[in-house]
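Quick notes on the structure that follows.
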Amino acid sequence: MSAHPDPSTAPLSPQARIWRDRADAWVAEGRIDGRAFIGGQRVAAESGETFDCISPIDGRTLATVARGRLADVDAAVASARAAFDDGRWAHQAPAARKRVLQRFAELLVQHKDELALLETLDMGKPIQYALSVDVPLAARCINWFGEAIDKVYDEIAPTGRESLALVQREPVGVVGAIVPWNYPMLMAAWKLGPALACGNSVVLKPSEKSPLTALRLAELAIQAGLPEGVFNVVPGYGAEAGEALALHMDVDALGFTGSTRTGRQMLAYAAQSNLKRVYNELGGKSAFVVFDDADSLIRAAETAAGCLFFNQGESCNAPSRLLLQDSIADEVVAHLQTLLPRYQPGDPLDPSTVMGALVDGQQMNNVLGYIEKGRAQGAQCLGGGRQALAHTGGCYVEPTLFDQVTPGMTIEQEEIFGPVLSVIRFKDEAEAIRIANGTPYGLQASVWSGQLDRAHRVARALRAGTVHVNQYDEDDITVPFGGYKQSGNGRDKSLHALEKYTELKTTWIRINPA
Ligand code: NAD
């Protein structure tokens with residue numbers, strides 16, 4: 001495969017030089033603050049412990065981060081509870097909360113370069129996407145929920161004349177939010193937007209692999225006018241800070257995004273503690289089904305590759321299973337092979353790079369392990385399949401294409417969460433539906449066909465929270481995002497997200513006849 005500019009040896013482009021110089025200065029001057037954010041202030045972990053935040057771009061230490069544990073989670077929840085109980089945020093009029101969230105979103109946009117650079121350094125995604133996707137979508141999410149909240153009405157039930165039944169939504173109280181590392185800021189925004197708009201207080205636990213932007217968001221929220229204590233961030237490990245938050249008796253609801261394995265754990269924590277509401281947004285193994293009557297096989301191949309390799313394949317909704325009807329499979333596979341050089345990994349700080357580093361060595365080894373398993377089980381690796389740019393000290397994997405993947409193989413069933421595309425061939429519509437639905441997941445799917453009947457029929461048959469027809473990359477804050485089956489039970493985004501962060505209260509009022 002042709003080589004892409006090598007982060008360690010290629011001359012830096014002038015734009016890459018600007019980003020790298022800025023990053024070097026931040027690290028050299030120790031400007032990246034990894035302390036927790038509790039009660040409106042930066043604080044060290046109560047134990048004084050820290051862990052190193054290591055960049056997957058080149059293995060360097062970016063900052064030390066507070067290692068939150070039970071004591072820190074207790075302090076954050078107490079701060080959130082006090083803020084909720086005295087109504088400093090929850091009792092503000094929706095229009096007032098709207099103005100603060102709008103300012104918060106504006107500050108994200110104003111700090112776009114800083115936030116994008118932190119995100120790229122922390123988890124390895126290309127800077128061009130941190131700038132054009134992560135920051136603007138996080139800002140849009142916060143702004144959209146702020147905008148929406150003073151336009152949402154409660155209900156009066158159609159009861160008899162002798163009474164009045166008000167059905168109202170109230171904030172649940174203290175929301176725990178636990179998020180992953182693949183879109184650190186955006187996943188945090190998907191929880192924060194609706195939770196804060198409804199008047200809740202929030203304790204956010206970012207992934208230990210990508211804590212930096214979450215901590216900065218908390219500072220910007222205060223700057224925007226969010227009262228102290230309403231939004232707290234406790235960085236730390238899942239089994240320490242995460243578990244303490246999920247088990248906490250004073251957390252009313254938990255918004256979780258992460259793996260299905262940890263999501264299962266979240267339900268157990270709720271059962272072991274106060275039966276807090278748990279909303280799980282989990283993994284996926286999405287099927288991208290192309291029939292021989294699709295209008296453009298080239299566009300189908302380019303869309304599948306573009307969406308799978310985006311974010312290094314580390315997207316919950318990545319179309320990792322490409323189902324091709326027998327008669328067109330060879331043609332599509334041949335085109336896919338020509339696309340692989342386009343996604344060769346490069347320096348994430350170079351604005352021309354389209355595929356960056358995986359989040360860390362552990363994730364890189366997971367992905368390489370799956371590639372080995374694919375080969376061992378008889379799938380045919382047609383391109384990629386190896387670690388790349390190893391001498392940089394970073395964590396890069398080549399874009400990888402497998403053909404002759406069959407239902408039941410490990411790489412067909414399990415979420416790889418890396419740049420690995422598996423082609424599975426099928427005979428007819430019934431077989432395609434059976435294979436597409438044949439994993440424990442049900443996050444997204446796509447059907448490509450020029451026949452209206454078939455497109456609708458298959459879309460109905462696919463067990464997934466979102467089905468795309470003749471495209472894959474459409475997305476908007478106005479539509480819900482979430483999965484069927486073991487991909488979760490919650491829905492982020494859209495007005496439906498408000499349901500997760502509110503209690504429904506009925507108030508009956510007697511009206512005596514005159
Ligand atoms: P993960 O489950 O390992 O970790 C997610 C979060 O949970 C992290 O903050 C982690 O520290 C915490 N955690 C881990 N173990 C814990 C425990 N025992 N108790 C409490 N907290 C714990 O997932 P990940 O590797 O960070 O993220 C990748 C996963 O996230 C993939 O499966 C991906 O599909 C999924 N994801 C889903 C969506 C969605 O909207 N459905 C979006 C993005 C990512």
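What the table shows:
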quantity: Positions within segment 465-511 being assigned to a strand (DSSP E or B), within 16 Å of the ligand (Cβ to nearest atom) and open to solvent by 60 Å² or more (accessible area, probe 1.4 Å), in sequence order; calculated: Tyr484, Lys485
quantity: Positions within segment 83-138 being more than 30 Å from Gln312 (Cβ to Cβ), in contact (Cβ under 8 Å) with a residue 24 or more places away in the chain and not charged (D, E, K, R), in sequence order; calculated: Ala83, Phe84, Trp89, Ala90, His91, Gln92, Ala93, Pro94, Ala95, Val100, Leu101, Gln102
quantity: Qualifying position, being more than 19 Å from Gly283 (Cβ to Cβ) and surrounded by fewer than 21 Cβ atoms within 10 Å (Cβ to Cβ), among Leu389, Leu401, Leu339, Leu324; calculated: Leu339
quantity: From Pro211, Pro180, residue being open to solvent by 10 Å² or more (accessible area, probe 1.4 Å) and within 14 Å of the ligand (Cβ to nearest atom); calculated: Pro180
quantity: Cβ pairs under 6 Å, 6+ apart, first in segment 352-379 and under 17 Å from Pro407 (Cα atoms), second assigned to a helix (DSSP H, G or I) and more than 14 Å from the ligand (Cβ to nearest atom); calculated: Tyr370/Ile411; Lys373/Thr410; Gly374/Ile411
quantity: Near pairs, Cβ below 8 angstrom, 6+ apart or cross-chain, from segment 204-226 (in contact (Cβ under 8 Å) with a residue 40 or more places away in the chain) to any residue that is of a type in the set (Ser, Thr, Tyr); calculated: Glu208/Tyr237
quantity: Exclusive hit being open to solvent by 10 Å² or more (accessible area, probe 1.4 Å), touching a helix residue (DSSP H, G or I) at 6+ places or on another chain (Cβ under 9 Å) and not in a strand (DSSP E or B), set Pro158, Pro136; calculated: Pro136
quantity: Filter result for Gln362 (open to solvent by less than 30 Å² (accessible area, probe 1.4 Å) and either of a type in the set (Ser, Thr, Tyr) or within 14 Å of the ligand (Cβ to nearest atom) (or both)); calculated: no
quantity: Pair list, Cβ < 8 Å and 6+ apart or interchain, from segment 166-191 residues that are on the phi > 0 side of the Ramachandran plot to residues that are open to solvent by less than 10 Å² (accessible area, probe 1.4 Å) and away from the ligand (no atom under 11 Å from the Cβ); calculated: Gly173/Asn200; Gly173/Ser201; Gly173/Ala253
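The values are calculated or read from the model by the stated rules, or taken from the named source; none is laboratory data. Keep in mind it's a predicted model, so treat the numbers as computed, not measured. Quick reminder, even Gly has a Cβ in these numbers, built from the backbone with ideal geometry, and neighbours come from all protein chains shown. Surface areas here come from the heavy atoms of the whole protein model, side chains and all, with no ligands, DNA or RNA. Shrake-Rupley method; radii C 1.70, N 1.55, O 1.52, S 1.80 Å.
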